[in-house]
Each structure stands twice: as structure tokens, then as C-alpha cells.
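Worksheet for the structure shown next.
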Amino acid sequence: AQTVTQSQPEMSVQEAETVTLSCTYDTSESDYYLFWYKQPPSRQMILVIRQEAYKQQNATENRFSVNFQKAAKSFSLKISDSQLGDAAMYFCAYRSTLAGGTSYGKLTFGQGTILTVHP
Amino acid sequence: ETGVTQSPTHLIKTRGQQVTLRCSSQSGHNTVSWYQQALGQGPQFIFQYYREEENGRGNFPPRFSGLQFPNYSSELNVNALELDDSALYLCASSLEVGTTEAFFGQGTRLTVV
């Protein structure tokens, strides 16, 4: 079974600064997807960024980028030029690509990191 | 807005009762997953439905059951409620079972007293 670990329960950053959220995972699979989701107080889970394991290039979406280290099973999220609206709970998640298994399509989430942005 | 709607948004039930939570998937999506998110924790996978059939299940007892209807809307039923069932229940829909992206609803906050 896959596991996802976020070791930072809380992080804080000053507005306009950069912050990095950490995530490690464990799997025996060679191909999979990794995600970062944002959950604001409205509770709706919003996809921030996605990484396919077979791609060596790190994904980037505007101010959000990842550092994907497959051998180390590490997947960190960097938020540049932090904004007040970035304040939320952030979850790292894993999804298998193996078709037909009982875990197919299932997202495995970490425990989350609460990000506070100070003005 | 993701187009995934859940109802009700909040409810309170008594231990031992039964509850039904509802999810309307994004238009055209035939796959729906349900997750339980305890306070301060990450969501835990309950089960997934694809074209009206259960397609995968997490480590939840049989008193958690579900349905997916021909229009791909879905229900989560929980029997014999326990205090530990208090949580946010999230529904996520996907275009197909193999599609990468899942779109989440805003959840139903269930409190069992």
C-alpha cells in the first residue's frame, strides 16, 4: 500500500516571500501521479499542481512549482511571491496508474500542512 | 466552482441512526469517489463508483455503502452511526475512471452526537 507523509503540520510565510512545503511518499510502483491540493476554509479541495512520475521535468503552474525527486520519493511544493489568498491547508496526494486494481483511481492523501500568510 | 455539488452542507445525527449524503457529479463525469476527512486530517478513501458499479473500496466497514445512479449522481449511506463517523465527507468526480484529475465538492459536515 502507498503512504504519503507531510512532516510539517504548520508553516508560515510573509506576503511576497517564498515558502516550500515538504512531502514524502512510499510506493513500489514505477509509474504514478502526484498532486498538491489546496483546501481553504470553504472546504473545497482545489488542485494546485500535478506531476507524472515518468516525467523528469518538474511541473510548474504560475507561482507554484514542484521539486520531484523520484529516487528519494520526495515531492515538495514551492510557492513564490506568496499572497494572502494562498493561506489554506495543503495536501500532497498520490494516485496509482495501474488499471484494474482496487486502488485504481484512489487518491492517497498526506496529513496536510496549514499555511499561514502574514501581511 | 467545480460543478460538483453535495447536499446537505451540514447535518447532525444521533448515534445509531442512519444517514444519506448526496453528490451531483460534474456534467459528463461517470466516476465518483467518496472520502472521509476527520478534523485536522487528510481525506481517507471510502469507495469509488464507475458506471453504477463499485470499482474500489478503502478500509471502511460494510455499514458504509453507496449507490451511483444512471445520471451518475451518487449517494453515500452510513448505517448505525458512531461518534467517530463525525467528519467532513467529500465527493469527487472524474470524467473517466482513468482520468487524472478529480473535481471535489464542498463536502458535507456530519456531526454524530
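The values are calculated or read from the model by the stated rules, or taken from the named source; none is laboratory data. Quick caveat: nothing in here was measured; it's all calculated off a predicted structure. Methodologically, a virtual Cβ is constructed for each residue, glycine included, from the backbone with ideal geometry; neighbour enumeration extends over all protein chains shown. Keep in mind that these areas ignore ligands, DNA and RNA; they rest on the heavy atoms of the full protein, side chains included. Shrake-Rupley method; radii C 1.70, N 1.55, O 1.52, S 1.80 Å.
Listed here are the residues, each with its yes/no results for (1) open to solvent by 70 Å² or more (accessible area, probe 1.4 Å); (2) in contact with a Phe, Trp or Tyr (Cβ under 6 Å, 6 or more places away or on another chain).
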position: B:S24; (1), (2): no, no
position: B:G42; (1), (2): no, yes
position: B:R63; (1), (2): no, no
position: B:G66; (1), (2): no, yes
position: B:S73; (1), (2): no, no
position: B:E82; (1), (2): yes, no
position: B:L88; (1), (2): no, no
position: B:T99; (1), (2): no, no
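Looking at (1) open to solvent by 40 Å² or more (accessible area, probe 1.4 Å); (2) assigned to a strand (DSSP E or B); (3) without any contact (Cβ under 8 Å) to a residue 40 or more places away in the chain; (4) away from chain B (no Cβ under 14 Å), which is the only condition A:S65 fails?
Of (1) open to solvent by 40 Å² or more (accessible area, probe 1.4 Å); (2) assigned to a strand (DSSP E or B); (3) without any contact (Cβ under 8 Å) to a residue 40 or more places away in the chain; (4) away from chain B (no Cβ under 14 Å), only one is false for A:S65: (1).
What are the residues in region B:75-113 that are part of a strand (DSSP E or B) and more than 14 Å from chain A (Cβ to nearest Cβ), if any?
Answer for region B:75-113, where residues must be part of a strand (DSSP E or B) and more than 14 Å from chain A (Cβ to nearest Cβ): B:E75, B:L76, B:N77, B:V78, B:T111, B:V112.
Residues B:Y35, B:Y49: which one is closer than 14 Å to B:D85 by Cα, open to solvent by less than 50 Å² (accessible area, probe 1.4 Å) and within 11 Å of chain A (Cβ to nearest Cβ)?
After applying the criteria, what remains is B:Y35.
Restricting to region B:89-113, what's the tally of residues that are over 14 Å from A:Y37 (Cβ atoms) and at pLDDT 95 or above?
Residues in region B:89-113 being over 14 Å from A:Y37 (Cβ atoms) and at pLDDT 95 or above: 8 in total.
What single numbered condition from (1) part of a loop (DSSP other than H, G, I, E, B); (2) touching a helix residue (DSSP H, G or I) at 6+ places or on another chain (Cβ under 9 Å); (3) among the polar types (S, T, N, Q) fails to hold for B:Q36?
(1)
Just give me the residues in region A:1-54 being open to solvent by 60 Å² or more (accessible area, probe 1.4 Å), of a type in the set (D, E, K, R) and within 16 Å of the chain's Cα centre (by Cα), in sequence order.
Selection gives A:E10, A:D26, A:R50.
Scan region A:8-25 and tell me whether some residue there is within 21 Å of B:T99 (Cα to Cα) and either more than 14 Å from every other protein chain (Cβ to nearest Cβ) or assigned to a strand (DSSP E or B) (or both).
No, region A:8-25 contains no residue that is within 21 Å of B:T99 (Cα to Cα) and either more than 14 Å from every other protein chain (Cβ to nearest Cβ) or assigned to a strand (DSSP E or B) (or both).
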